[in-house]
Amino acid sequence: MAADNTLDDFRITEVPGSMFYVPDFISHKEEADLLKAIPSNRWIQLQHRRLQTHPSSLSKSNTLLEAPLPAWLVDPIISKFKSLGLFSDSPHHAPNHVLINEYNPNEGIMPHEDGAAYYPIVATVSLSSTLCLDIYEKTQDGEETRLNSTPKWRVLQEPRSLLVTCGSAYTDTLHGISEIEVDEDLRADTVANWGLLGDSNILVDNGGKNVRTTRVSLTYRDVLKVSRVGARILGRPRG
Ligand SMILES: O=C(O)CCC(=O)C(=O)O
Ligand SMILES: [Fe+2]
């Protein structure tokens, strides 16, 4: 990413609402440093991926106990967000929560919405492997909101890239990662962010296929409800 780029240079115009894809958002060295810094003892193993949350997971009422993010999750990523103006309109003007997901080949995440616990912006940094994020349109059927069973768009996430989803792209769609080993039929007319990719030639040379290896994603969000109870326990006066 060049220093004079603005977020609008990276808009995925095919997807309504606001979605942006920034290739090479971080360097190879920054990627390697992040992978090394991820603590090996904080993973929670799920059936189809493993994950960890920083500074901690949300309570049942979707409240975050106020605590700083670890330094390695702040620099360089949040400084780079600031230079793009990301999170400037969100309540805390910066992300306060990071979810780290790790997917082996054949692993993924079911279509879902990120929901109302967060301000409607999510910024995802991808590490190690390329894969496709499937985006589904919600359709209104009378009172009922339904999910179309086939993805409407596919966004390819390369290692070191940033994907930003906000506005109606956040509220009116679902996203998921299919549990496959190879993403196929990757072409200009099937990948929404094709023109923004860092290296589309590698896909062309590979017959439109991407063979997945293990991918790690860092999803940055601003949790709306923050409790200061932790600060009080640490000795701040009440009231
Ligand atoms: O790994 C990703 O890119 C998506 C993760 C995700 O959707 C989530 O954690 O809510
Ligand atoms: Fe999500």
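The values are calculated or read from the model by the stated rules, or taken from the named source; none is laboratory data. Every value quoted in this text rests on a predicted model; they were computed, and no experiment measured them. Heads up, the Cβs are rebuilt from the backbone with ideal geometry, glycines too, and the neighbour counts pull from every protein chain shown. SASA here: full protein model, heavy atoms, side chains in, ligands and nucleic acids out. Shrake-Rupley method; radii C 1.70, N 1.55, O 1.52, S 1.80 Å.
Tabulated results
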quantity: Enumeration of residues in the range 1-45 that are over 23 Å from ASN101 (Cβ atoms) and either assigned to a helix (DSSP H, G or I) or hydroxyl-bearing (Ser, Thr, Tyr) (or both); calculated: THR6, LEU7, ASP8, ASP9, THR13
quantity: Those strands (runs of 3 or more DSSP E) lying entirely in the range 144-223 with at least 3 residues of a type in the set (A, V, I, L, M, F, W, C); calculated: 153-157, 162-166
quantity: Leading residue by the ranking (nearest to THR124 (Cα to Cα)) among those in the range 163-180 that are away from ligand 1 (no atom under 11 Å from the Cβ) and not hydroxyl-bearing (Ser, Thr, Tyr); calculated: VAL164
quantity: Residue match in the range 7-30 (condition: open to solvent by 40 Å² or more (accessible area, probe 1.4 Å) and farther than 30 Å from GLU181 by Cα); calculated: yes
quantity: Every residue from the range 105-126 that is near ligand 1 (Cβ under 10 Å from one of its atoms), touching a strand residue (DSSP E or B) at 6+ places or on another chain (Cβ under 7 Å) and either outside any loop (DSSP other than H, G, I, E, B) or at pLDDT below 95 (or both); calculated: ILE109, MET110, PRO111, HIS112, GLU113, ASP114, TYR118, VAL122, THR124, VAL125, SER126
quantity: The range 31-48, subset touching a helix residue (DSSP H, G or I) at 6+ places or on another chain (Cβ under 8 Å) and without any contact (Cβ under 8 Å) to a residue 40 or more places away in the chain, residue least open to solvent (accessible area, probe 1.4 Å); calculated: ALA37
quantity: Breaking point among (1) open to solvent by 40 Å² or more (accessible area, probe 1.4 Å); (2) farther than 21 Å from LYS225 by Cα, for LEU51; calculated: (1)
